[in-house]
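Take a look at the structure below.
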2 protein chains.
Amino acid sequence: MKRRNFIKALGATTAVATLGSKRAQADAKKYKWKMVTSWPKNFPGLGVGAENLAKMINDLSGGRIKIKVFGANELVPPLGVFDFVSEGGAEIGHTGAYYWKGKHPACQFFSSVPFGLNAQEMNAWMYYGGGLELYEELYNQFNLVPRPAGNTGVQMGGWFNKEINTIEDLKGLTMRIPGLGGEVLQRAGGVPVTLAGAEIFTALQTGTIDATEWVGPYNDRAFGLYKAAKYYYYPGWHEPGPSLECIINKKAYLSLPSDLQNIIDISCKAVNIDMLSDYMSKNNLALDFLKKEDIKIKKFPDSVIKKLREISKEVMDEVGNHDDYTKKIYKSYYTFLKKVRPWTKISELAYLEGNN
Amino acid sequence: MKRRNFIKALGATTAVATLGSKRAQADAKKYKWKMVTSWPKNFPGLGVGAENLAKMINDLSGGRIKIKVFGANELVPPLGVFDFVSEGGAEIGHTGAYYWKGKHPACQFFSSVPFGLNAQEMNAWMYYGGGLELYEELYNQFNLVPRPAGNTGVQMGGWFNKEINTIEDLKGLTMRIPGLGGEVLQRAGGVPVTLAGAEIFTALQTGTIDATEWVGPYNDRAFGLYKAAKYYYYPGWHEPGPSLECIINKKAYLSLPSDLQNIIDISCKAVNIDMLSDYMSKNNLALDFLKKEDIKIKKFPDSVIKKLREISKEVMDEVGNHDDYTKKIYKSYYTFLKKVRPWTKISELAYLEGNN
């Protein structure tokens, strides 16, 4: 090669090198993130969902975002997740919005409320009914970007050592039931208590509590609750389709190129359907197991459900009117519920009724 | 700079250039794909779902895969999608597995069968009950990689110009109802006919047919079917949760780097929940509209549903025993249904029943 051509070729190579290395720089930029969660590491359903989310983001990004998942209490306690991500201690978290009513009462509408939307309706509200926009607006105040990222489906009513035949049977009943469900129980004359997961079994076995709710067959079986109770009641009127959440520190989210932001958003959508599918398939196996144990699986009497629904309405009206901002979310939620439920009834409900 | 150092620096730059351009080459490799679909371009729900899927894949890949979406009949007719993608005419397609019973009777289990799994149960079977593995095994014979990619939820029973009070009322009834639902109608004494979407309205209005099913309020309203019928019946026993599918030419799929394969897989999961949410939110608005029109929205009598369920069982037993391979899928599907339905009943069904 003549020197002149060599120099030209060299120039061309250098130009490619410059472009190539700029692109390589952008593509090679690696994000090492921490994910804090409210669940024990690899806890069935919830914790596995968090792991799946981290793995999806890693895989889709070709390793450009690497997320290390921390179980509850590894970096922060289960209820420290919101503040920690908000302050940037971790870039991302996996948790549930019902834990944050102390931050803002409106948070609860983005997980589950008594006699509220079921999972399918909740997703419709979030993605196509304006829910996600309100969720983003609320969490923006806390420096967070929220995404629905999992659902347990309708939970169970709980484990009881006393038969529930009328609403009177709830009077004086000591039950582990946190949040809005607990508020409803209290107004029905019961005594709601809050206990961490690990304390429930012993409290139920020793009679410190008469009843407890937890999640559903899959998680409840693992806790051995069937060994400490006589009755397993359904349905879980207080948590009809809890949405779990992924929260991302806003500054961390905005620092990402748009394809990586998209990867997080879409992974959250995928883990949303994935976790519900996991619960659906595992709950039925656990239910098979429980049916063989020395417990009675019973439906709450209609009259009890009716009364609990009335009290729930009172409670939710109060919560929803707490302040103007909550009122806006409350209004959106119930307007959607009123419109979507008639459709759910003539589709899902009518279909399932015809399958007895 | 001394010449010696200049050369050294040049060497370093060239080394970076080599690495950088290799990486740039890999990352810069662009895939221009065609997506053929069985839906009119941007058809509400189904067609929009296909567009959303293409956009997600484009966005997540940072533009490395660009997918051009073709509506039905733009490149191939609606029912030509399977063969066209199988043969590599297009790399990817969006359609429904119930169209391919002529390819293999087992295909139908991957969309919807009469009195089968609803959407939530279907996803549980696909992702956690072994369904997807069987789906992949079946489609592998056709050089295709299948992914669930959307769901309409429970469809409506259809539009009728005759009131249905007993199973006898189906005798002689001419109804547009394709596939397995049509087979069931025939055994109940009816006359199933197949008509393309565009022909339905006129056939119903002129009395060529007495009844037709289509999808649900959202799509049915757009077709103006309420102007040609007296009754709108629910529930859609014949299609309780049709899963739509994305099919990818196997060679095209395998030619992708693994992060792009992941991007397609996860985008399909996301569009699965997305489309169902879209239908949930739009069906209720359309239902509101239809309630104001001069039609009666009625539930099939229990006795009719019971009889249709019995006939459906006969039909499905025959389909399921067609050959050893179909038998394997049939067995997996119904084993899962038998296990999951008891859970659906004490969760979703019991919850919705308590909300009347």
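Of the residues in region A:110-123, at least one is under 23 Å from B:M280 (Cβ atoms), more than 14 Å from every other protein chain (Cβ to nearest Cβ) and not basic (K, R).
Restricting to region B:97-109, and then to whatever is more than 23 Å from B:P44 (Cβ to Cβ) and buried (at least 21 other Cβ atoms within 10 Å of the Cβ), can you tell me which residue is farthest from the other protein chains (Cβ to nearest Cβ)?
B:W100
Taken over region A:251-263, the residue count meeting the criterion of being more than 10 Å from every other protein chain (Cβ to nearest Cβ) and touching a helix residue (DSSP H, G or I) at 6+ places or on another chain (Cβ under 7 Å) is 1. All of B:V315, B:V340, B:V319 fail the test of being closer than 30 Å to A:V304 by Cβ, under 23 Å from the mean Cα position of the chain (by Cα) and modelled with pLDDT of 95 or more, apart from B:V340.
Applying the criterion of being at the interface with chain B (Cβ under 8 Å from one of its Cβ atoms) and in contact with a strand residue (DSSP E or B) (Cβ under 7 Å, 6 or more places away or on another chain) to the residues of region A:278-302, the residue that is farthest from B:G129 (Cα to Cα) is A:F300. Restrict the check to region B:125-140 and report whether at least one residue is surrounded by 21 or more Cβ atoms within 10 Å (Cβ to Cβ), modelled with pLDDT of 95 or more, out of contact with any Lys or Arg (no Cβ under 9 Å at 6 or more places or on another chain) and assigned to a loop (DSSP other than H, G, I, E, B). So far as region B:125-140 goes, no, none of its residues is surrounded by 21 or more Cβ atoms within 10 Å (Cβ to Cβ), modelled with pLDDT of 95 or more, out of contact with any Lys or Arg (no Cβ under 9 Å at 6 or more places or on another chain) and assigned to a loop (DSSP other than H, G, I, E, B).
Looking across region A:291-318, just one residue is over 23 Å from A:D169 (Cβ atoms) and buried (at least 18 other Cβ atoms within 10 Å of the Cβ), and that is A:M316.
For B:E163, are the conditions met, namely being among the charged types (D, E, K, R) and away from chain A (no Cβ under 14 Å)? Give the derivation first.
Values: among the charged types (D, E, K, R): yes; away from chain A (no Cβ under 14 Å): yes.
When the stated conditions are applied, B:E163 passes them.
To keep it simple, each residue is scored yes or no on (1) buried (at least 24 other Cβ atoms within 10 Å of the Cβ); (2) assigned by TED's automatic domain parsing to the domain that holds B:D265; (3) not charged (D, E, K, R).
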site	(1), (2), (3)
B:G88	no, yes, yes
B:T95	yes, yes, yes
B:G116	yes, yes, yes
B:T166	no, no, yes
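Being out of contact with any Asp or Glu (no Cβ under 7 Å at 6 or more places or on another chain) and more than 25 Å from A:F223 (Cα to Cα) is the requirement here; does A:Y99 meet it? It is false that A:Y99 is out of contact with any Asp or Glu (no Cβ under 7 Å at 6 or more places or on another chain) and more than 25 Å from A:F223 (Cα to Cα). If the condition is being assigned to a loop (DSSP other than H, G, I, E, B) and under 15 Å from B:I248 (Cβ atoms), then region B:67-87 contributes only B:E87.
With respect to being more than 14 Å from every other protein chain (Cβ to nearest Cβ), part of a loop (DSSP other than H, G, I, E, B), more than 23 Å from B:K251 (Cβ to Cβ) and among the aliphatic types (A, V, I, L, M), B:A90 falls outside the description.
Looking across region A:314-356, the residues that are more than 13 Å from chain B (Cβ to nearest Cβ) and not in a helix (DSSP H, G or I) come down to A:N321, A:H322, A:D323.
Close Cβ contacts (under 7 Å, 6 or more residues apart or on different chains) running from residues in region B:265-277 that are farther than 12 Å from A:Y127 by Cβ and more than 7 Å from chain A (Cβ to nearest Cβ) to residues that are part of a helix (DSSP H, G or I) and at pLDDT 95 or above comprise B:C268/B:L53.
From the list B:L285, B:L349, B:L337, the lone residue that is of a type in the set (A, V, I, L, M) and without any contact (Cβ under 8 Å) to a residue 24 or more places away in the chain is B:L349.
The values are calculated or read from the model by the stated rules, or taken from the named source; none is laboratory data. Remember, predicted model here, so these are calculated numbers, not experimental data. Backbone-built Cβ (ideal geometry, glycine too); neighbour counts: all protein chains shown.
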